[in-house]
Amino acid sequence: EEFQSQQEPTVFVTHGPPLASTRIDFVAGAGHVGDKNIRAVMDASLKSIINVHGHIHEGGRGLDRFKAGPAYNVSAVTLFNNPRGPNAGLITIADGEASYGNLR
């Protein structure tokens, strides 16, 4: 809440993902394993929060949108999906909006 007064996007970096309904926190055989507390932050009455996380490699390069903003799973997926796939990403913030792209 303290950062909200700056009227700028806030990057919220966590190890694990928020509890989600998309692939960002999905593990086969276990289901959605994201964190309820991180989800609470992303569902709060905050604005322009960008959550960057990893941990769940199977959900790497996934995106989910929450009330406060997007959550990006930036885990490398090369070992799981494509050994020649991207292994880095870039988040760009311009005009109060965040976008994500894969880098090789």
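Within region 41-60, if we keep just the residues that are in a loop (DSSP other than H, G, I, E, B) and polar (S, T, N, Q), the residue that is most open to solvent (accessible area, probe 1.4 Å) turns out to be Ser45.
I'd like to verify a number: residues in region 11-40 that are open to solvent by less than 30 Å² (accessible area, probe 1.4 Å), assigned to a helix (DSSP H, G or I) and not aliphatic (A, V, I, L, M), how many?
Just the residues of region 11-40 that are open to solvent by less than 30 Å² (accessible area, probe 1.4 Å), to begin with: 14, 16-18, 20, 24-25, 31, 34, 38.
Filter once more, so that each one left must be assigned to a helix (DSSP H, G or I): 24-25, 38.
Retained after the next criterion (residues that are not aliphatic (A, V, I, L, M)): 25.
Number satisfying all stated conditions: 1.
The set of residues in region 89-104 being more than 12 Å from the chain's Cα centre (by Cα) and either among the small types (Gly, Ala, Ser) or surrounded by 12 or more Cβ atoms within 10 Å (Cβ to Cβ) (or both) consists of Ile93, Ala94, Gly96, Glu97, Gly101, Asn102.
Restricting to region 45-81, count the residues that are among the small types (Gly, Ala, Ser) and closer than 22 Å to Asp95 by Cα. If you could, list the steps in order and put the result at the bottom.
At the first step, the residues of region 45-81 found to be among the small types (Gly, Ala, Ser) are 45, 48, 54, 59-60, 62, 68-69, 71, 75-76.
Now restrict to residues that are closer than 22 Å to Asp95 by Cα: 45, 48, 68-69, 71.
Result for region 45-81: 5.
Restricting region 67-81 to residues that are surrounded by 14 or more Cβ atoms within 10 Å (Cβ to Cβ), modelled with pLDDT of 90 or more and assigned to a loop (DSSP other than H, G, I, E, B) leaves a set whose member that is nearest to the chain's Cα centre (by Cα) is Gly69.
The values are calculated or read from the model by the stated rules, or taken from the named source; none is laboratory data. Not measured: the values here are computed from a predicted model. Virtual Cβ from ideal backbone geometry, glycine too; neighbours counted across all protein chains shown. The protein model used for the area step is the full one, side chains on, heavy atoms only, and it has no ligands, DNA or RNA in it. Shrake-Rupley method; radii C 1.70, N 1.55, O 1.52, S 1.80 Å.
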